[in-house]
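Reviewing the structure listed below.
The values are calculated or read from the model by the stated rules, or taken from the named source; none is laboratory data. Bear in mind the structure is a predicted one, so any value in this text is a computation, not a measurement. Ideal geometry is used to build each Cβ from the backbone, glycine not excepted, and the neighbour counts take in all protein chains shown. Heads up: the accessible areas ignore ligands, DNA and RNA and are worked out on the full protein's heavy atoms, side chains in. Shrake-Rupley method; radii C 1.70, N 1.55, O 1.52, S 1.80 Å.
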Amino acid sequence: MEQAIALVLSNFTITFLVVAAIATAISMLAGRNGARPRFAEKALAYYALFVIGFTFLYNFVMHVFFGDMAAAFIGWENSPFQAEVGFASLGFAVVGFLAFKGGFEMRLAAVVGPACFLLGAAGGHAYQMIMAGNFAPGNAGAIFYTDIFVPLLGALLLWMRYGKTGQASARST
């Protein structure tokens, strides 16, 4: 059981992707008054809540309150920048929570802001792998791959939800 908990917590980005997928499936099956809600709407809402909101809240807690552990997981020494990353993550978490029930603009912000951070982090991880041989789990493991996948998924979900109808009608929903 201890190993399972450690696996879930050390792969938190994948954990929250799975939770978002499960929440989307449950929401689709439950429906309201017999009507099935649209997949893209539910998937984007739960992406915002779990993949952005809870993932970045977890990141905030780890970097601010458990900086030594977070730095070791990444393969770095602890520094004052841990707290800065943590508080940036808190900002992204709040936007993710607001975007769960928000409209187009809030959801766009919940995808674009974290995407810039995550893709930049992926570049930093790649650089560390190549230049420093840093293959620590928090640098070269699931974190690296989800730093690339999460922004792509967010862009896909935005397109699925709003791209077909155009921005003008997206603002009215």
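A compact table of results
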| item | result |
| --- | --- |
| Debye log10 I(q)/I(0) at q = 0.10, 0.18 Å⁻¹ for the chain, Cα point scatterers | -0.41, -1.14 |
| Of P114, P151, P80, the one that fluctuates the most in a GNM where the chain has Cα springs shorter than 10 Å | P80 |
| Y127 accessible area, 1.4 Å probe, all protein chains in place, Å² to nearest 10 | 130 Å² |
| Carbon + sulfur, % of accessible area of the range 1-99 - ligands and nucleic acids excluded, 1.4 Å | 72 percent |
| Calculated [θ] (222 nm, deg cm²/dmol) that DSSP helices of n ≥ 4 give over the chain, each run adding -39,500 (n - 2.57) | -24000 deg cm²/dmol |
| Magnitude of the charge dipole, the range 1-101, Cβ model with Lys/Arg +1 and Asp/Glu -1, debye to 20 | 760 debye |
| Extension reserve of the F65-W159 stretch, reckoned as 0.36 nm per residue once the Cα distance is removed | 30.2 nm |
| Selected from V51, A142, F87, residue furthest toward positive end of dipole (the range 50-173; charges at beta carbon) | V51 |
| Dipole magnitude (debye, nearest 20) for the chain, charges at Cβ of Lys, Arg, Asp, Glu | 1040 debye |
